[in-house]
Amino acid sequence: MRRPPVVVITGASSGIGRALALHYAAAGATLGLMARRETLLLELVAPLRAAGAAAVSCHPLDVTDADDLRAAAGEFIARFGAPDIVIASAGVSVGTLTEHGEDLAAIRRVLDVNVFGMAATFAPFIDAMRRAGCGRLVGVASVAGIRGLPGAEAYSASKAAAIAYLESLRLEMRGSGVRVVTLCPGYIETPMTAVNPYRMPFLLPADEAARRFARVIARGSSYAVVPWPMGIVAKCLRLLPNALYDRLFARAPRKPRGLAV
C-alpha cells in the first residue's frame, strides 16, 4: 500500500490552491501550505485536519520573496523530508492596458508573481527531490497563455512565459526521476474568475477541477488543459491566422482594470 503523499502548495489560501489542499488532505497527505494572506491560511488548518490530513505546516509568505521561500522550504524538508509534489499555484490576475502608465505597477506584479514566483517556489526543493530521485514539480499556467487576450497583456504574457519556463524545466529535469507537469486550467470557479463580467465556457467548480488536476499530476503528464474541451478550443484558436483572430477577439469582453494584489 502506497503511503499518502507529501505535498507543498503555494497560493493555498484560496482558489485552486485551496481546492488542491482539501483534495490531498482527504487522501491523508502531509501538507506544506504557503500563501500571502496569513489569516485565510491559518483558517484552513482545521478543515484540512478534519478532512484527514496527516500534518499541516503553514508558511505565510509572498512567493516573490525568494529568501522567505528558501527558509520555508528548508524548514519543511527538515521536518518531513523531500516532498513528493510541489505545486506552484500562487497567481494574480487583473485587467491591464499598457497605454495607461498607472497599469505598469500591475503588469510588474502579475509577472513577478506568476513567473518569478513559480521559479522561486521550485528552486529550494529541486536538490532534495533530485536526491530522492522522484516527485512532481507542478506549475499552474492557463489557457490564457496560449493566445494573447485583449485587456490582459500582463496575465496572458505571464502564463505564456510560465508554459515556456515549465517546458525548459522539464528538459532540465529529464533523467532525474522528477517530472515537471504543466497544468493549463480553463475557467475555474474561484475569486479570480468571480470578477469576470462575461460568460465563461466550460466553467468548473474548484473541487472538481482539483480532482482532475490530481489525476494529471498522478500520471505525471507533461502538459494538460483542464477541462479538456477548453484544450480543443485553445488549439483551434492557436491555428487561426492573426487577421481572423484579431477580428474575432479585438472587442471581446475584458477583465476590469486595477492593481494586482
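The values are calculated or read from the model by the stated rules, or taken from the named source; none is laboratory data. In this text, all values refer to a predicted model and were calculated from it rather than measured experimentally. When we count neighbours, we look across all protein chains shown, and the Cβ atoms used for this are built from the backbone with ideal geometry, even at glycine.
Of everything in segment 18-46 that's of a type outside the set (Gly, Ala, Ser) and closer than 16 Å to residue 5 by Cβ, which residue is surrounded by the most Cβ atoms within 10 Å (Cβ to Cβ)? It would help to see each step written out before you state the result.
Here is the first cut: in segment 18-46, the ones of a type outside the set (Gly, Ala, Ser) are 18, 20, 22-24, 30-31, 33-34, 36-45.
If we keep only those that are closer than 16 Å to residue 5 by Cβ too, we end up with 20, 22-24, 30-31, 33.
Values: 20: 31, 22: 20, 23: 21, 24: 27, 30: 23, 31: 29, 33: 28.
Going through the qualifying residues, I end up with 20.
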Segment 55-84 - residue that is among the hydrophobic types (A, V, I, L, M, F, W, C) and touching a Leu at 6+ places or on another chain (Cβ under 8 Å) and, of those, surrounded by the fewest Cβ atoms within 10 Å (Cβ to Cβ)
55
Restricting to segment 48-75, give me the number of residues that are under 20 Å from the mean Cα position of the chain (by Cα) and either in a loop (DSSP other than H, G, I, E, B) or touching a residue at least 24 places away in the same chain (Cβ under 8 Å) (or both).
16
Can you find, within segment 223-244, the residue that is modelled with the lowest pLDDT among those that are among the aliphatic types (A, V, I, L, M) and closer than 21 Å to residue 191 by Cα?
230
Some residue of segment 96-110 being in contact (Cβ under 8 Å) with a residue 24 or more places away in the chain, part of a helix (DSSP H, G or I) and under 16 Å from the mean Cα position of the chain (by Cα):
yes
Looking at segment 69-113 only, could you name the residues that are over 23 Å from residue 178 (Cα atoms) and among the basic types (Lys, Arg)?
108, 109
From 247, 215, 179, 251, residue being modelled with pLDDT under 90, of a type in the set (D, E, K, R) and either surrounded by fewer than 16 Cβ atoms within 10 Å (Cβ to Cβ) or part of a strand (DSSP E or B) (or both)
251
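Could you grab me the full set of residues in segment 218-237 that are part of a helix (DSSP H, G or I) and either surrounded by fewer than 11 Cβ atoms within 10 Å (Cβ to Cβ) or hydrophobic (A, V, I, L, M, F, W, C) (or both)? Full working, then the answer.
Step one: filter segment 218-237 for residues part of a helix (DSSP H, G or I), giving 218-219, 228-237.
Answer for segment 218-237, where residues must be part of a helix (DSSP H, G or I) and either surrounded by fewer than 11 Cβ atoms within 10 Å (Cβ to Cβ) or hydrophobic (A, V, I, L, M, F, W, C) (or both): 218, 228, 230, 232, 233, 234, 236, 237.
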Between a residue in segment 167-194 that is on the phi > 0 side of the Ramachandran plot and any residue that is surrounded by fewer than 18 Cβ atoms within 10 Å (Cβ to Cβ) and at pLDDT 95 or above, which pairs come within a Cβ distance under 6 Å, given they are 6 or more apart or on different chains?
177/133; 177/134
Charged (D, E, K, R), on the phi < 0 side of the Ramachandran plot, in contact with a strand residue (DSSP E or B) (Cβ under 7 Å, 6 or more places away or on another chain) and in a helix (DSSP H, G or I): is that true of residue 130 in this structure?
yes
Contact list please: Cβ distance under 6 Å, first residue in segment 117-144 and touching a residue at least 60 places away in the same chain (Cβ under 8 Å), second residue of a type in the set (Lys, Arg), pairs at least six apart or on different chains.
136/179
